[in-house]
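Worksheet: the structure to be examined is printed underneath.
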């Protein structure tokens, strides 16, 4: 048993066994992170470059912490203030970084498909930390891992992904990940923010958030990505909040207690209200905690690049 | 030689193995008396099959209900991550403090010493023990790559690199036996 891939580019390419293996390994790292000494020297001879062509707080800190806790050396690169603004191409930038003997690249890029492009041109292992509106695999893994931790299992669970599905790489990766693990997935939000043929991925589509909440056991509320919306897709944030935001009143009217998730950063009062985000139903901060363990597992498993010995 | 059929030799049969386990347990009692400040730690995955037995014997010999006993996984402290293979972790279970304790590490076969080096490293992440001793069932004493010696030994054997020692346990493999396998050239 070993990972079927050399890079973590997208969930689409993973087998269900890969995801299980990552979860099992992450369980061990989660234990480790509860200890006094939260560090192991597993990747002490590995250098990892975090290359971020797009803004990030959580993902970047989470990756960096995961790398440090595995004992790896890290370098950080962000596009602003670099030679990218002087017109250097993606391959040139990365080749130059790799020439300094880097073993693994964690990359976020605003162009969908950028990590695949890179994987065709360089030797190092690549982990996609978000590419455009395509995939954000480690986020989907930590989301599914958090559901598994909270509900014990993912198979057969009903998960609704709410909000800006159109511009969300978290949505797409989550759909792939949860479907592969046997969950039922629904997407819900305003018609303008739901891609036309999304049902072909095997998900249910709902335009009424209340109905989606009644159906699901877990609601993953996504951020409205104003920075990616180049034309108006709803009239005002206030209107969006009124019709599609998740609030306390709505949750209290349900007959069951559902689990609330959000990948962050939260627009409080827009897609989710504070009395929901900060309630005990919410596992938003558990998601962040699990992110470190998941990323440690992914990097550890990709670092060997060989057979796993029993 | 030259044949592909593995050559097998029994190092310890069922009876011999159980006599050896009795002796090892008694040697521990001799040095640690009531185990008040002692902690037994088995190394995952195969070492714990030996430590399970030893702890069971210790409980019956000393009539001590409580002996601190933990299991240690050393996967992330190994030094061969980049040699083309990767190991999957087993759970570590140490539910007591090892600070200032006399720790006895237990593994089934002592070969190059690299596992024990990793185990000492992994152990130190849990605290600073007073001292650390090592018990092993089989000591392949000419194969050492690091200066590590056991304090309690079941049997010392001379082996060459192509040979393998396999320890079978009733609980896991359906029999108690230690064999030497020669895989030839």
message: Please compute, over every Cα-Cα pair in the range B:16-93, the percentage with a separation greater than 18 angstrom.
response: 48 percent
- request: Using the 2.2 N^0.38 Å rule of thumb for compact globular proteins, work out how the range B:142-185 stacks up: its C-alpha Rg over that value, please.
  value: 1.38
message: So for each of B:126-138, A:123-135 I average, over its residues, the number of other beta carbons within 10 Å; can you give me the resulting order with the highest mean first?
response: A:123-135, B:126-138
- line: From DSSP H assignment alone, runs of 4+ in chain B each adding -39500 (n - 2.57), the sum over residues rounded to the nearest 500 puts [θ] at 222 nm at -8500 deg cm²/dmol
message: Please rank A:12, A:256, A:157, fewest neighbouring Cβ atoms within 10 Å first, as an exposure proxy.
response: A:256, A:12, A:157
- prompt: What's the exposure ranking of A:280, A:210, going from fewest to most Cβ atoms within 10 Å?
  reply: A:280, A:210
Rounded Å value of the spacing that divides the Cα centres of the range B:118-185 and the range A:60-138: 43 Å
- request: Quick one: angle between helix A:58-69 and the longest Cα principal axis of chain A, in degrees between 0 and 90, rounded to 10, please.
  value: 40 degrees
- prompt: For the range B:97-165, what ratio Rg/Rh do Cα atoms give with a Kirkwood hydrodynamic radius?
  reply: 1.02
query: Per residue of chain A, what 222 nm ellipticity follows from adding -39500 (n - 2.57) for every DSSP H run with n ≥ 4, rounded to the nearest 500?
result: -11000 deg cm²/dmol
query: How far is it, in nm, from the label point at residue B:13 to the one at residue B:145 when both lie 7 Å from their Cα along the line to the Cβ?
result: 3.6 nm
query: In degrees between 0 and 90, to the nearest 10, how far off the longest principal axis of chain A does helix A:169-180 point, with axes built from Cα atoms?
result: 90 degrees
query: For the range A:190-266, what is the largest minus smallest coordinate of the Cα atoms on each principal axis, given in angstrom and ordered from greatest to least?
result: 38, 31, 21
- prompt: Based on Cα positions only, what radius of gyration and what Dmax would you give for the range B:13-160, in angstroms?
  reply: 15.0, 47
task: Would you mind calculating the relative contact order of chain A from Cα pairs under 8 angstrom and at least 6 residues apart, reporting the percent as a whole number?
output: 20 percent
task: May I ask for the equivalent-ellipsoid semi-axes of the range A:137-287, computed as the square root of five times each C-alpha gyration tensor eigenvalue and listed largest first in whole Å?
output: 21, 18, 14
- line: Exposure-ranked with fewest Cβ neighbours within 10 Å first, B:109, B:55 stand as B:55, B:109
query: Hey, got the average number of other protein chain Cβ atoms within 10 angstrom for residues in B:13-25?
result: 0
message: How large is the convex hull of the C-alpha atoms of the range A:8-71 per residue, in Å³?
response: 110 Å³
query: At 4 °C and 1.567 mPa s, what whole-number value in µm²/s does Stokes-Einstein give for the translational diffusion of the protein assembly as shown, with Rh from the Kirkwood sum over Cα pairs?
result: 51 µm²/s
task: Using only Cα atoms, find the angle between the long axis of helix B:14-32 and the longest principal axis of chain B, and express it within 0 to 90 degrees, rounded to the nearest 10.
output: 30 degrees
Alpha carbon centroid spacing (whole Å) that separates the range A:141-171 from the range B:46-72: 43 Å
statement: Rounded to whole angstrom, the alpha-carbon centroid of the range A:1-41 lies from that of the range A:244-296 at a distance of 24 Å
field: Separation in nanometres of the label points that stand 7 Å from Cα toward Cβ, at residue A:45 and residue A:281
entry: 5.2 nm
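FYI, it's all coordinate maths here, none of it is from the lab. In this text, all values refer to a predicted model and were calculated from it rather than measured experimentally. A quick note on method: Cβ atoms are made from the backbone with ideal geometry, for glycine too, and the neighbour counts reach across all protein chains shown.
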